[in-house]
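Computed from the coordinates by the stated procedures, all read-outs in this text should not be read as laboratory data. Just so you know, these numbers come straight off a predicted model, no measurement behind them. Cβ placement follows ideal geometry from the backbone for every residue including glycine, while neighbour counts extend to all protein chains displayed.
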Amino acid sequence: MQHGDFEKLVEEAIDEIPADFLARLKNVAIVVEDEPSAEQLAKLRLRKDLTLLGLYEGVPLTQRNAGYGMVLPDKISIFKNSIELIAQTPGEIKKIVQDTVKHEIAHHFGSDERGANKAAKH
């Protein structure tokens, strides 16, 4: 899939997030990257047999306090090559992108993996 087409899928997935949640996204950049960097993988200590589809890096809203400020935006990365690796059809790519965007946004709101997985399914 062309990079621009994949970016459109990510934009569509963001547009599907309920407006009340989108309004509360604070200081977050959502980007498409081909694959996770070596530094991202090392920080996560991800097993070699796992594929990372997306990643939230930042300070969740639940951990921000009065001292939070003057920081770089949080970053949600959606990994194009990883998603394409496991998807069999364009429809599957779209569904995985939607689920991954929801999952990573849930982390911004303070959800752990279990909570983020539930959010991705709704």
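So the values come out like this:
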| item | result |
| --- | --- |
| Three semi-axes of the equivalent ellipsoid, the stretch 1-69, Cα gyration tensor, whole Å, largest first | 24, 21, 10 |
| Dimensions (Å) - the chain, Cα atoms, principal axes, largest first | 46, 34, 27 |
| Sum of side-chain charges, E11 neighbourhood, beta-carbon under 13 Å (Lys, Arg +1; Asp, Glu -1) | -3 |
| Distance from the stretch 80-112 to the stretch 1-76 (C-alpha centre basis), Å | 11 Å |
| Spin-label model distance (nm) - L46 vs D15, 7 Å beyond Cα toward Cβ | 2.8 nm |
| Dipole magnitude of the chain about its Cα centre (Cβ charges: Lys, Arg +1; Asp, Glu -1), debye to nearest 20 | 500 debye |
| Hull-based mean projected area of the stretch 31-101, where the convex hull spans the alpha carbons, in square nanometres | 5.8 nm² |
| Relative contact order of the chain, pairs being alpha-carbon contacts under 8 Å that are 6 or more residues apart, as % | 32 percent |
| Sorted by Cβ neighbour density within 10 Å, fewest at the top, the residues R64, R47 | R47, R64 |
| Helical contribution to [θ] at 222 nm, DSSP H n ≥ 4, -39,500 (n - 2.57), averaged over the chain, rounded to 500 | -14000 deg cm²/dmol |
| Neighbourhood net charge (13 Å Cβ-Cβ; Lys/Arg +1, Asp/Glu -1) for A29 | -2 |
| Under 13 Å, Cβ to Cβ, from H108 - net charge with Lys/Arg +1 and Asp/Glu -1 | +1 |
| Flagged links, alpha-carbon separation over 22 Å, of K8/K80; K48/K102; K26/K80; K43/K80; K8/K102 | K48/K102; K26/K80 |
